[in-house]
Amino acid sequence: MSFKQLIEKARGYLPAEKVAVVEEAYRFAREAHQGQTRKSGEPFLEHPLQTALILAELQLDTSSLAAALLHDIPEDCGIPVAKIEARFGPEVAKLVDGITKLSKVAWQAPTVARETQAENLRKMLVAMAEDLRVVFIKLADRLHNMRTLDALSPEKQLSIAQETLEIYAPLAHRLGIWELKWQLEDLAFRHLEPDKYRRIARLVVSRRVQRESFIDRVIEILKVEFDKAGLRAEMSGRPKHIYSIYQKMERYTALGKHFNDILDLLALRVVVSTVPDCYAAVGIIHSLWHPLPEAFDDYIANPKANGYQSLHTAVMCLGTTPLEIQIRTREMHYITEYGVAAHWRYKEGEKKDIHFEERIGWLRQLIDWHRELAGAEEFLESVKTDIFIDQVFVYTPQGEIKDLPKGATPLDFAYRVHTELGHRCVGAKVNGRLVPLNYQLNNGDIVEIMTTKEAKGPSLDWLSPHLGYVKTSQAKTRIRQWFKKQERTENIERGRQLLDKELKHLGIKIDRIEMARLFNYSNVDDFLAAIGDGGIATSQIAMKLAAEQEPAEEVVTVSPTKVAPSTVKVLGVSDLATHSAQCCHPVPGDRIIGYVTRSRGVTIHRQDCYNVINEDEKDRLLQAEWGEVDSVYPVNVAVEAWDRVGLIRDITTVVAEEKVNISSVSFSNSKDTTSTYLTLDVKGLAQLSQLMVRIEGIRGVRSVTRVGEGMPVKAHPASPVSK
């Protein structure tokens, strides 16, 4: 049945002699896979057939369909690519060879090292640069695998679904292939979050009849008005897919909004003949219904990086119902559904797609940039930020357009224009208004960079992920390169100061040699130099310490002084009665030790706690380590600052934004300075470090330190826990 469907699809857009090649490839694959079955029990041939059928729905060329039918033969049947070349020619053979190499790519398996993942991504980029059809076949192959994922073990289902959501769906989006993107996302989401998937599906279905009836009424009204204006248009409702609804619900929940507030659960699509017709249709729509403010986007004049073009507007329709409407030409609609894959439709018909090279220009440019990135971590980060994130388009003061990842800042813009412009940047204006350097740019912004005459160089703060100064890998690479060029002695000294400052922040005493060993450095100076030149961000120190001590992720709020039995293991046992010592307040990431009390079980202290160090009865000290973390922990923090109006408001706002609870607070003043003592309920060292960095960035704050004892009674009324 699948073969008949494939041939019918192919005959719909390919000449007869080309369809004959597809039929020949099918016969070859049927013979090669004879007797083979998949884990689901179905004949193995069904998989390449379905892969080819997906590509036929995208109207890809003959070579792509033939290669899809043959793509598993070299690896699963032992037939060399040379034999395929002899039978079907070099073009088909090259595509099959490319798919065979990509089939060995693995991203999520626990045994896959970061270096291997990075190399796999490089292979994907190279394959895309050489022939995008290799990636189209791989995407179709993945889509059919996702449709039959239930045949695999639960562990493999989760691994493959996660890989699909992180790599393949964003790749389909970047290539503009909407038809594949939404299916990959929904299938992955169904396996990763089955309960949420079913809940959203029920919500959508429960209101479907009502929404469709509403859309039909809108179409009837518009048809009458379009006919009056002599405008011919095809109109239809466009249902939003489930994963997209989930993402929007998450954003709306954060803003205190409800599911019913989502405007585009069912949008109206209007397809017309010409670009002038698109703008004429918008005019008619806006004359009928009131447009919602800031809800009009012109992606015809400013196409997205993946080639997407359309006019978007939202109107208050038929009284009080908001409705999103998309208007585009037929060609734009085809490009929207099939992205750069549409190029091969023109190629098959011997027509030249003159805009194709423009659409994949970003790919050529990114490959050039990524040749400069040697480290696996840096490369993986760059792909996920520069390739797999939506773009914004901004302008230089001279009107030149620059595309940047969504969330990019004026500093990213400066480094995109020129490295030296980034190094000399001291400020920025957006649309003529001064903005902070971590301001997130929006579509259409005009960005002007303010510079200093002397090349003072970048700031290490620009690399802090908590402060959000730079988003793109290009900017981060240029900043790191600048610091690496500085004198090694200066980098070592700067690194020593930054390390000491961070450890003081966290209230941790640890030998530098041991700290260097945690980062796999045998030489302390090399470790300090890496911190000084920006190779290691200070935020990674807390994360590394936490990773050493904190294996679990889920955290729930419990009593701030009682430690749940599963949280701490004493002598390897996790069900003993334990309490957190109030003299030092250990949190996950701290090195801890247990003390056997006379009546309260085991009290958990930090290893550097003064009570532990001065303990005479050493035999009452027991080995302890963090187990499954299921609590939040009280930490005492002192904030020294210049006194000013609004200081406490700014501190509490930052704490609230990090979703951290303040269990107590007190103050002491001395002339122009004030000391604020906070007891914060945090999940672990990583969260504490991030919060302290943000507090330190508040205007007037001189220092933020973690303290173990000596807190004023008002700030922490409970006396230290006795041993």
* Asked: Under a point-charge model restricted to the Cβ atoms of Lys and Arg (+1) and Asp and Glu (-1), what is the dipole moment magnitude of segment 1-110 relative to its Cα centre, in debye to the nearest 20?
  -> 100
* Asked: Counting Lys and Arg as +1 and Asp and Glu as -1, what is the net charge of the other residues whose Cβ lies under 9 Å from the Cβ of Val272?
  -> +1
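Which of Lys402/Lys456; Lys504/Lys544; Lys181/Lys476; Lys429/Lys476; Lys402/Lys471; Lys406/Lys659 have a Cα-Cα distance over 19 Å?
Over 19 Å apart, Cα to Cα: Lys402/Lys456; Lys181/Lys476; Lys429/Lys476; Lys406/Lys659.
Excluding Arg38 itself, what net charge comes from residues whose Cβ is under 11 Å from its Cβ, given Lys and Arg +1 and Asp and Glu -1? Kindly include the intermediate steps, with their values, before the conclusion.
Working: positive: Lys39; negative: Glu42, Glu46, Asp72, Asp76.
Around Arg38, the charge tally is -3.
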* Asked: Which whole-number percentage describes the relative contact order of segment 431-513, with Cα contacts under 8 Å and a sequence gap of 6 or more?
  -> 20
* Could you please report the charge total around Arg424, scoring K, R as +1 and D, E as -1 over all other residues with beta-carbon less than 13 angstrom from its beta-carbon? => +1
* Structure fact -> When the charge dipole of segment 29-94 is computed with +1 on Lys and Arg Cβ and -1 on Asp and Glu Cβ about the Cα centre, the Cα farthest towards its positive end, among Pro80, Leu70, Gln50, belongs to Pro80
* Derived scalar couplings ³J(HN,Hα) [segment 182-196; Karplus, 6.51 cos²θ - 1.76 cosθ + 1.60; whole Hz; x for Gly, Pro] -> 5, 5, 4, 5, 5, 5, 5, 4, 4, 8, 7, 9, x, 5, 5
* Using a Förster distance of 41 Å, how high is the FRET efficiency between Arg27 and Asp150, based on the Cβ-Cβ distance and rounded to 0.05? -> 0.85
* Asked: Using the 10 angstrom Cβ neighbour count as an exposure proxy, how do Phe413, Phe3 rank, fewest first?
  -> Phe3, Phe413
* Structure fact -> Computed from every Cα-Cα pair in segment 633-707, P(r) in 5 Å bins starting at 0 and rounded to whole percents is 3, 16, 32, 28, 14, 5, 1, 0
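Read-outs: derived from the displayed coordinates by stated rules, not from any lab. In this text, all values refer to a predicted model and were calculated from it rather than measured experimentally. Cβ atoms come from the backbone with ideal geometry, glycine included; neighbour counts cover every protein chain shown.
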